[in-house]
Amino acid sequence: MADSEWSVAAPADTRTIRAWPEIDDDEPLDLRGVAARGRRISGVELSAHSELVDLVATDCDISGLLAQQSRLERAELVRSRLRGVTWAGGVVRDVLLDEVRTEDASVRFSALRRVIVRDSDLPGLDLTECTLEQVRFEQCTLRGARFDHATMVQVGFTGCDLTGVSGAAAFAGASMQLDDLLSLAPSLARELGITII
């Protein structure tokens, strides 16, 4: 596969924000062209159809974020922590996660396109019924992640720990290294009804 198929579009020029903008419970948030460094963002619920575009978050701690049917596009999250974050039924496109740590994170029912996740610790990540297209996981811990009924198109795994994932049948068509496959094997065996003795 050519490298160009795996690239993500970088965020456009951004301006640094000092605080998360005020949220109107009734109106979708339209946040564009911003950067946050070393910020703590907690307890944010976005209205449906919110859009976060051209966003850079570095060394941030994001917790209690809930977004439904919203869009995250051309974004970079670097050396950041996500706790209790739910991005449900939305779109995640042209996004880079680099050295991200998660606890209780979910992107259920979302479409992920041109996403690169690198050097990240994502135990229990919930990708149930997601569509993943041109997504790459590099050197990631995905222990116990949920891929139930997910669809994968041009998805690659390199140096990942896939121990205990659910929905292993969704990996049909994915590409991975032998070590990745070995960590996935018990989950595949369980789904196929194979008893390991």
Among (1) 13.4; (2) 16.6; (3) 10.6, the entry that matches mean projected area of the Cα convex hull in nm² as calculated here: (3)
Note down the nm distance, to one decimal, between modelled labels 7 Å out along Cα→Cβ at R32 and at L66. 2.8 nm
When the helices in the chain are scored as -39500 (n - 2.57) per DSSP H run of 4 or longer and the sum is shared across all residues, what 222 nm value do you end up with, to the nearest 500 deg cm²/dmol? -2500 deg cm²/dmol
Considering the Cα positions of the stretch 112-197, please state its Rg to one decimal place and its Dmax as a whole number of Å. 11.8, 40
Once each part is reduced to its C-alpha centroid, what is the distance from the stretch 104-149 to the stretch 57-77 in angstrom? 14 Å
Quick one: ranking R143, R118 by accessible area, 1.4 Å probe, largest first, what do you get? R143, R118
Computed lengthening from R101 to T58, 0.36 nm per intervening residue step minus Cα-Cα distance: 14.2 nm
Which FRET efficiency, nearest 0.05, do A12 and T195 yield, Cβ-Cβ r, R0 45 Å? 0.25
With an 8 Å Cα cut-off and a minimum separation of 6 or more residues, compute the relative contact order for the chain in percent. 12 percent
Averaged per residue, what accessible surface does the chain expose to a 1.4 Å probe, in Å²? 49 Å²
Share of carbon and sulfur in the accessible heavy-atom surface of the chain [1.4 Å probe, %]: 48 percent
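The values are calculated or read from the model by the stated rules, or taken from the named source; none is laboratory data. Note that this is a predicted model, so its numbers are computed, not measured. Cβ atoms come from the backbone with ideal geometry, glycine included; neighbour counts cover every protein chain shown. These accessible areas exclude ligands, DNA and RNA; they are computed on the full protein's heavy atoms, side chains included. Shrake-Rupley method; radii C 1.70, N 1.55, O 1.52, S 1.80 Å.
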